[in-house]
Amino acid sequence: MMKTVLVVDDDLANRMLPGLILGREKYQVSECADGAQALQLLSSKTYDYILLDISLPKISGIDICRSIRRNEHLRDIKIFAYTAHAMKAQTKEILSSGFDDILIKPINRQDLLSLFQY
Amino acid sequence: MLEQLRVQLPNGKFSVKGLPYKFTNLVGQSKVRFLIFITTLLLMAIWGAAYFTVNADQQLVLKKGILNLQNLTKSFKAHTEQTISTSDQVLRIIKFHREHGVDLKYKALSDYFDHGVIDTRFINQIGIIDTAGDYVFSNLANPPKVNLSDREHFKIHKEIYPFGVFVSKPVVGRVSKKLSIQLTRRIDDVKGRFAGVTVVSFNPNYLTDFYKSIDLGGKGVVALIGLDGIPRAIQIGSKVINSDTNSVLLIPPEVRDKLEGTFMSNQLFDGVQRIYAFERISNQPLISIVGQQVIELSSDSNWHKAIFYGIAALITLITIAFLISNIEYLNRLALLNLDLIKSNQEVTKANKHKSEFLSSISHELRTPLNGIIGYAEYIHYTSKEPMIQFPAQIIDESSRHLLKLVNTLLDLTQVESGRMSLQNEVFNLRQVIDDVCQTHRSRTAAKKLMFIVEDDANCPVEVCLDELNLRRILNNLLDNAIKFSKEGGEIVMSIHYLSDIRSIYFSIKDNGHGIPEEMHSHVFEKFWQNEDFITRVHGGSGMGLALTQKLVALMGGEIHFNSASHIGSTFYFTIPLQVLEER
């Protein structure tokens, strides 16, 4: 059975990139541009992985992650931060707000695929 | 105006700028109040001590003075008694001659005088008065005919006088015409009836002359006074008071009753307040008195007092000066503190802005780089067309280079502003080294370099360090070694554990271009490169070694190098271990 991935990023290029790479590796990838859409998608469908940008309009990635974590039905989803925030203090804050791991932009194929190994 | 100058202090109080000395102080009322309180306590203690010392000193000086007066009185008494006794001996001799019918010739008496048998130092005259009061015999050659029946001594001796010798008040002698004190004794006939009086007169000064040499001050008094209050001899200062007036002195009643003692009075002679010591003359209704002015008596303690109070005043002045300068100093300090707090706030604010700016720059650069690198790699990976694959690879590599540059620049800025902190974690050292080496293998292979890793068997497996920083350092040094190696060269990386300083020692050696000696001092400077920018062939930002040195220092280690042109370079550094788990 194909693993499902949801990519949330407001930047089109950055949103499409993981889909292009993962699409070739037998992952079913969905995309959306903000938190509201992401939460709407999650209410009707469940995913195995979420790649979540942090700097999003209206609701930040950190807040989206927290609200997903509060929902018992979505407990098993692995959420990865997909962000250009690379400063130590920021990555520390991100990791402490419920993300399973962090993927720092710019990404490469190798890093992305190895993240999905577990 | 003042309102504009008011400065709100961090403690919420207000002060006026430029007026730091005022007690409307910057330090806070409580501190100044405390200082003033302590100073006041100190001054009170000093003045209290001075006051008690002065008092005690006064008492002591007074006590000593009184003791001195008492001793002087005793010797005055002895002197007086001696004088009376000497005179009485003469009286007794004459009395004996008269009573036993031995005819006393004038010649014999004057011989006694001339040959010093009778002490003539003070005796003016010797004589006999008969029952009628006529002056019948004298040591004088031709005594005048005078009747002395009106004299007090004649009247007294006519009756029986209980003290034997009567000491008269000072009177002008009718024979000698001199002021004298007359000592008299009664002469009895065979049947014990009144047979006349024998008289010795002497200068009253003799009694007090003796004391001229004793300094009792200008107002000191030596006096012989009768119990009746009538003075016999008085000396005040160096002046003899000739008192033949029968003025009665106001002797305190207790002086009449006691044999000796002291009293204070300003009534006795001249209204001067004195302390007097007195002693009764044995077997006579006479009192010897020595008095000294109270001010004189305590004159020693007066200059003691001046010294004590002077010192206390001096200490007070110094303390107050100290207090004022202290308050001023505290105020200055508070002003400085205020400036410091302000500038600190500004620095903190500026730092915060800088931090925000840096992370924002980092974020904004990485976001487009994600697109460039990601899609270039994707095209490179998926395209079957070499003419598409190749440019995609170029874009990929160029943008990775750009990313590296951005990372180095940001890291350097962070380290330099002291914002980079160590994230120490336990990791497998061997694994990280293998990992780092692995990432460089493709480049060493491309340049046909021999890449040797020498490993010390004593190295701990697990170490607690900032792994990312260590990777950065090793990557930088290996990058440089590869970059500056000639094709077919050799790179040797050695790792040793220095157990004595609990540090790991790394060295990375190449046999490449090397650095000429004149450039050695610039190697760790920013933007330095061993190339002119025009003839540059190796590329790079010139920030790698600067960052490397700062990262090594941040981890508590040191980095050095040996290098020579065309022979190669060896960079070596140590990293002290935080927590060490033995193998």
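Values in this text are rule-based calculations from the coordinates and carry no lab data. As the structure is a computational prediction, the values presented were derived from the model and not from experiment. All Cβ positions, even for glycine, are placed from backbone atoms using ideal geometry, and neighbour counts span all protein chains on display.
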Original post:
At 222 nm, what helix-only mean residue ellipticity would chain B give, in deg cm²/dmol to the nearest 500, using -39500 (n - 2.57) for each DSSP H run of four or more?
Top reply: -16000 deg cm²/dmol
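Averaging over every viewing direction, what projected area does the convex hull of the Cα atoms of region B:26-82 cover, in nm²?
Values: hull surface 16.2 nm².
If you wrap the Cα atoms of region B:26-82 in a convex hull and average its projections, you get 4.1 nm².
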**OP:** Take the eigenvalues of the Cα gyration tensor for chain A, scale each by 5, and report the square roots as semi-axes in whole Å, largest first.
**Re:** 18, 18, 14
Original post:
Which shape class applies to region B:477-530: rounded if a/c is under 1.5, otherwise prolate when a/b exceeds b/c and oblate if not, where a ≥ b ≥ c are the square roots of the Cα gyration tensor eigenvalues?
Top reply: oblate
Subject >> Dipole magnitude (debye, nearest 20) for chain B, charges at Cβ of Lys, Arg, Asp, Glu >> reply: 3620
Original post:
Taking the convex hull of the alpha carbon atoms in the protein assembly as shown, what volume per residue do you get, in Å³?
Top reply: 403
Original post:
Taking the Cβ of B:ASP411 as the center, what net charge do the other residues with Cβ under 10 Å away carry, scoring Lys and Arg +1 and Asp and Glu -1?
Top reply: +1
Original post:
Any idea what Rg and Dmax come out to for region B:282-326 if you just take the C-alpha atoms, in Å?
Top reply: 22.0, 74
Original post:
If one computes P(r) from the Cα atoms of region A:40-79, what percent of pairs lie at distances over 11 Å?
Top reply: 64
Original post:
For the residue pair B:VAL136 and A:SER114, what label-to-label distance in nm results when each label sits 7 Å from Cα along the Cα-to-beta-carbon direction?
Top reply: 16.0
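Once the Cβ-Cβ distance between B:GLN273 and B:LYS158 is put in as r, and R0 is 45 Å, what FRET efficiency do you end up with, to the nearest 0.05? Please list the in-between numbers first.
Values: r = 43 Å, r/R0 = 0.95.
So the FRET efficiency works out to roughly 0.55.
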Original post:
Quick one: what does P(r) look like for region B:421-576 with 10 Å bins over all Cα pairs, in whole %?
Top reply: 10, 41, 36, 12, 1
Original post:
Going toward the positive end of the dipole of the protein assembly as shown, with +1 on Lys and Arg Cβ and -1 on Asp and Glu Cβ, which of B:GLY557, B:LEU69, A:SER114 do you reach last?
Top reply: B:LEU69
Original post:
When the dipole is taken about the Cα centre of chain A, and only Lys, Arg (+1) and Asp, Glu (-1) are charged at their Cβ, what size is it in debye, to the nearest 20?
Top reply: 160
Original post:
Which FRET efficiency value, to the nearest 0.05, do you get for A:ASP76 and B:HIS566 by plugging their Cβ-Cβ distance into 1/(1 + (r/R0)^6) with R0 = 60 Å?
Top reply: 0.45
Subject >> Cubic angstrom per residue, convex hull over Cα atoms of region B:207-297 >> reply: 90
Subject >> Listed residues B:GLY374, B:VAL347, B:ILE327: farthest to the positive end of the dipole of the protein assembly as shown (Cβ charges) >> reply: B:ILE327
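I need the peptides A:6-14, A:72-80 ranked by packing, meaning the mean over residues of other C-beta atoms within 10 angstrom, with the highest value on top.
Final packing ranking: A:6-14, A:72-80.
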Original post:
For region B:104-203, what is the largest minus smallest coordinate of the Cα atoms on each principal axis, given in angstrom and ordered from greatest to least?
Top reply: 34, 30, 26
Original post:
Does a label point 7 Å from the Cα of B:ASN302, set along Cα-to-beta-carbon, have any residues of region B:60-81 with amide nitrogen under 14 Å, and which are they?
Top reply: B:62
Original post:
Which is the longest run of chain B containing none of the GluC sites (Glu not before Pro) found in DSSP loop states (not H, G, I, E, B) with at most 16 other C-beta atoms within 10 Å?
Top reply: B:160-486
Original post:
So which of A:LYS45/A:LYS92; B:LYS31/B:LYS354; B:LYS95/B:LYS178; A:LYS26/B:LYS447 end up more than 27 Å apart, counting from Cα to Cα?
Top reply: A:LYS45/A:LYS92; B:LYS31/B:LYS354; A:LYS26/B:LYS447
**OP:** Quick one: check the C-alpha center-to-center distance for region A:35-111 versus region B:294-322, whole angstrom.
**Re:** 86
**OP:** Grab the alpha carbons of chain B, take their convex hull, and tell me the volume per residue in Å³.
**Re:** 378
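As a footprinting exposure proxy, order B:ILE181, B:ILE234 by other Cβ within 10 Å, with the fewest listed first.
By the 10 Å Cβ count, ascending: B:ILE234, B:ILE181.
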Original post:
At q = 0.10, 0.14, 0.15, 0.17 Å⁻¹, what base-10 log of I(q)/I(0) does the Debye formula yield for region B:240-393 when every alpha carbon is treated as an equal point scatterer in vacuo?
Top reply: -0.75, -0.94, -0.99, -1.09
Subject >> Debye log10 I(q)/I(0) at q = 0.12, 0.17, 0.21 Å⁻¹ for region B:152-278, Cα point scatterers >> reply: -0.54, -0.96, -1.26
Original post:
Tell me, in nm to one decimal, what length is gained between B:TYR381 and B:ASP111 on full extension, where the rule is 0.36 nm per residue of separation less the Cα-Cα distance?
Top reply: 80.8 nm
**OP:** Counting other beta carbons within 10 Å of each Cβ, put A:SER96, B:SER569 in order, fewest first.
**Re:** A:SER96, B:SER569
Subject >> Relative contact order, percent, chain B [alpha-carbon distance under 8 Å, six or more residues apart] >> reply: 10
**OP:** Of the DSSP beta bridges with both residues in region A:3-115, give the percent that are antiparallel, rounding to the nearest 5.
**Re:** 0
Original post:
Given Cα pairs under 8 Å that are at least 6 residues apart, what percent is the relative contact order of chain A?
Top reply: 22
Original post:
Hey, if you put +1 on the Cβ of every Lys and Arg and -1 on every Asp and Glu Cβ in region B:104-203, which of B:HIS157, B:SER180, B:SER201 ends up farthest toward the positive end of that dipole?
Top reply: B:SER180
Subject >> Gained length - B:ILE394 relative to B:PHE96, 0.36 nm times residue gap less alpha-carbon distance >> reply: 91.1 nm
Subject >> Links that overshoot a 18 Å alpha carbon limit, given the list B:LYS145/B:LYS177; A:LYS105/B:LYS352; A:LYS88/B:LYS352 >> reply: A:LYS105/B:LYS352
Subject >> Relative exposure of B:ILE128, B:ILE361, judged by other C-beta atoms within 10 Å (fewest first) >> reply: B:ILE361, B:ILE128
